[in-house]
Amino acid sequence: MENLTNFGEAWVRAWNSHNLEEILSHYDEDILFFSPIIKKINNDPAGCLRGKENLRAYFSKALVAYPDLHFELYHILEGVNSVVLYYKSVKDMLSAELMVLNEKGLIAEVRAHYK
């Protein structure tokens, strides 16, 4: 659990820093990413993207769209090769992100949920 706690805390610090390269350092090149925010930011009804370069473009847009972005981590839930981060997201929305980790400890898949 300690490694997953460190992972979750580092992920939140990266986002709160607004440093795109630091944020992207947590993701695999072949990332599969699902989020309702993709529908809004990318105007994409599928809400899904694949690949780190597409993720880079999306995160760049998101950082511009939410310049005051600040995440507050509430809980880290451990799974089998996965973690769920439960946190306060943009506009004070609650978020839970299921992150599947690969053998390199990088995020290979994300399923983001918001309330």
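The values are calculated or read from the model by the stated rules, or taken from the named source; none is laboratory data. Computed from a predicted structure; not experimentally measured. No Cβ is skipped: glycine too gets one built from the backbone with ideal geometry, and neighbour counts run over all protein chains shown.
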May I ask you to verify whether GLU21 is of a type in the set (D, E, K, R) and either touching a residue at least 24 places away in the same chain (Cβ under 8 Å) or farther than 19 Å from ALA108 by Cα (or both)? no
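Of the residues that sit in the stretch 72-115 and are out of contact with any Leu (no Cβ under 9 Å at 6 or more places or on another chain) and outside any loop (DSSP other than H, G, I, E, B), which one is farthest from GLY47 (Cα to Cα)?
Filtering first and then ranking leaves GLU72.
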Would you pick out the residues in the stretch 40-60 that are more than 20 Å from GLU21 (Cα to Cα) and loosely packed, with under 14 Cβ neighbours inside 10 Å? LYS40, ASN43, ASP44, PRO45, ALA46
Anything in the stretch 24-46 that is closer than 17 Å to SER95 by Cα and either among the aliphatic types (A, V, I, L, M) or in contact with a helix residue (DSSP H, G or I) (Cβ under 7 Å, 6 or more places away or on another chain) (or both)? List them, or say none. PHE33, ILE37, ILE38, ILE41
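Looking for whichever is farther than 18 Å from LEU20 by Cα and free of Cβ contacts under 8 Å to residues at least 12 places away in the same chain here; the options are LEU77, LEU85. Which one fits? Outline the logic, then answer.
Numbers: LEU85 fails: free of Cβ contacts under 8 Å to residues at least 12 places away in the same chain.
Just one listed residue meets the conditions, LEU77.
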Report whether or not ILE23 is in a helix (DSSP H, G or I) and not hydroxyl-bearing (Ser, Thr, Tyr). yes
Residue identified as under 20 Å from VAL100 (Cα atoms), touching a helix residue (DSSP H, G or I) at 6+ places or on another chain (Cβ under 9 Å) and not in a strand (DSSP E or B) among LEU49, LEU55, LEU69: LEU55
Which of (1) touching a helix residue (DSSP H, G or I) at 6+ places or on another chain (Cβ under 8 Å); (2) aliphatic (A, V, I, L, M); (3) surrounded by fewer than 17 Cβ atoms within 10 Å (Cβ to Cβ); (4) not in a helix (DSSP H, G or I) is the odd one out, the single condition LEU63 does not satisfy? (4)
Scanning the stretch 1-15 residue by residue, those modelled with pLDDT of 95 or more and of a type in the set (A, V, I, L, M, F, W, C) turn out to be ALA10, TRP11, VAL12, ALA14, TRP15
Does ALA112 meet the test of being under 17 Å from TRP15 (Cβ atoms) and buried (at least 18 other Cβ atoms within 10 Å of the Cβ)? yes
